[in-house]
Amino acid sequence: MSLRNPLGRNQRDWGNYASLAACPNGAASTVPANKVTGVLEVGDTAFVVGLGLCFCNDVGTPGGLDAVWMTTMILTAANFDAFGRLRTSSPETIFDSKMVYDDQAIFWSEAQTGGAAAGAWSATDACVTLSVGANQSSIRQSKRYFNYQPGKSQQIFQTFNLRGQIANVTKRVGYFDATNGLFLELDGAAGVNLVRRSGSSVATQSVPQASWNIDPMDGTGPSGVYLDFTTTQILVVDFEWLGVGAIRMGFNVNGATYYAHQFNNANVQVAVYMTTPNLPIRYEIVGGVGMVGKQDLDCICSTVISEGGNQNQGTHYSYVRTAVSGNVAAGTSAAVLSISPAAATPRVTLKPNGLSVLATGNANCAFQLVINGTLTTPLVTTATQGYAAISETTSVYTQGTGTVIASGLISSTQRNVLAELLESYLTLGATIAGVTDVLSVVITNLSGGNDTYRAAVDWVAIT
């Protein structure tokens, strides 16, 4: 197997190089003095031989195989995805979140117990800090449960500061919820664990640091890295689900990824290792009985990545309000059609991708597509389809509330509009408690009299 340097520029310091006698094409190899640092140039060829990656420097016609020197680098587990494929292509981001300008509240939900304060955002440190006292807990979790595509390696990077091991305090960071998931746990009594939480018939596994089967990362393992959990860390998780695949968990230190433990499930377990691979990013801190003072966990940055591309295979749905809306009075705004994740499936990802509005009279109006706006009349579910609960309730909307993701104008001479939404990370999700986001088509009547309207919404349900 061979591949070209895909980066379009020279690359230095790819690893520890050693000269080889000849290239795979049989050409003799010498190492010019100016090549001893190992420079990959545009058009160079790389040959994969077992766990070795050999780089040929070409002379003459760019891209040729008349190599005059060659180097080799031994690949590590970090060079392969969860399915054992060599990482050669750019990852495709499903989600990312950084707290540079605010706490990203539209993407995240929090839950506290025992009187714990809400997470505190710091502009200086670009993080949200969760704080608890004795008999308190605080959780920060993405509203979205990220869809896993079978056959693709799902990869998670998450940064944080656990602020050290504290008696009677448990801290968790990872890709998980209350029932399933993969996470790092720092327990006041049990120390550091990597956990595979299972909602299936297969038991949960919690592996203490001393038993990590790749590298305990206590300074004695292959990497020589000693993890200090009083400092910031980068957790790395990648997994193949298919119900029964492998899971790897580790850390990125000084720009290099080191895997610490691998959970093997195929040919080991008798059922799926967790009920679902579609899970949220989560940070959690629990203060137990006897805990002293206030303890913190810093939530910094996170991303969920699909390796090998991400072809959304969701199903497209649409709903049309064929009956006219209740009257929208002149100068007022009202929701005329709303959708939200259905009560039975609150964790299915719904991505709005279009809307259509029709003014049944001659009034000028403005339309908005609003997430979680304040509505005066409770919504009543009219229908359920496409994993969505749909409401035709006409409800007065308070301008300035919620998040407007699309808007436009309709005149008396152009009484309908069709709008397609651009690609966005923004989806309909649910809080930790299961309270779902609501997407509403809001009409503002800009004319002097009452009028009625029809509307339609398109969305994709990704299961």
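List of remarks:
- Qualifying positions in segment 122-152 - over 19 Å from Lys171 (Cβ atoms) and in a strand (DSSP E or B): Phe146
- Pairs with Cβ under 8 Å, 6+ apart, first in segment 217-229 and over 16 Å from Asn193 (Cα atoms), second among the β-branched types (Val, Ile, Thr) and not in a loop (DSSP other than H, G, I, E, B): Ser223/Val253; Val225/Val253
- Filter result for Gly434 (assigned to a loop (DSSP other than H, G, I, E, B), surrounded by fewer than 16 Cβ atoms within 10 Å (Cβ to Cβ) and either on the phi < 0 side of the Ramachandran plot or in contact (Cβ under 8 Å) with a residue 12 or more places away in the chain (or both)): yes
- Across segment 437-463, the qualifying residues are those that are within 23 Å of the chain's Cα centre (by Cα) and not in a loop (DSSP other than H, G, I, E, B), and the one among them that is farthest from His316 (Cα to Cα) is Leu439.
- Evaluation of Tyr145 against (1) surrounded by 14 or more Cβ atoms within 10 Å (Cβ to Cβ); (2) under 25 Å from Thr204 (Cβ atoms); (3) out of contact with any Asp or Glu (no Cβ under 9 Å at 6 or more places or on another chain) (one fails), failing number: (3)
- Failed item, numbered, when Asp187 is tested on (1) free of Cβ contacts under 8 Å to residues at least 60 places away in the same chain; (2) of a type in the set (Asp, Glu); (3) closer than 28 Å to Thr349 by Cβ: (3)
- Pairs where the first residue, in segment 440-463, is more than 16 Å from Gln385 (Cβ to Cβ) and the second is in a loop (DSSP other than H, G, I, E, B) and of a type in the set (Ser, Thr, Tyr), C-beta under 6 Å, 6+ apart: Thr452/Ser325; Thr452/Thr360; Tyr453/Ser325
- No other residue among Gln385, Gln368, Gln414 is farther than 26 Å from Pro346 by Cα and out of contact with any Pro (no Cβ under 7 Å at 6 or more places or on another chain) apart from Gln414.
- Of all residues in segment 233-264, those satisfying the criterion of being more than 24 Å from Leu297 (Cβ to Cβ) and without any contact (Cβ under 8 Å) to a residue 60 or more places away in the chain are Gly243, Val244, Gly255, Gln262, Asn264.
- Among the strands (runs of 3 or more DSSP E) confined to segment 309-392, the ones with at least 1 residues that are in contact (Cβ under 8 Å) with a residue 24 or more places away in the chain and crowded, with 18+ Cβ neighbours inside 10 Å are located at 315-321, 333-341, 349-359, 365-371, 388-391.
- Among the conditions (1) of a type in the set (S, T, N, Q); (2) without any contact (Cβ under 8 Å) to a residue 60 or more places away in the chain; (3) part of a loop (DSSP other than H, G, I, E, B), the only one that Gln165 does not satisfy is (2).
- Qualifying residue in segment 172-180 (condition: part of a loop (DSSP other than H, G, I, E, B), under 24 Å from Ser302 (Cα atoms), among the aromatic types (Phe, Trp, Tyr) and in contact (Cβ under 8 Å) with a residue 24 or more places away in the chain): no
- The numbered conditions (1) crowded, with 21+ Cβ neighbours inside 10 Å; (2) outside any loop (DSSP other than H, G, I, E, B) are all true for Asn193 except (1).
Just so you know, all these numbers are worked out from the coordinates, no wet-lab data involved. Just so you know, these numbers come straight off a predicted model, no measurement behind them. Quick reminder, even Gly has a Cβ in these numbers, built from the backbone with ideal geometry, and neighbours come from all protein chains shown.
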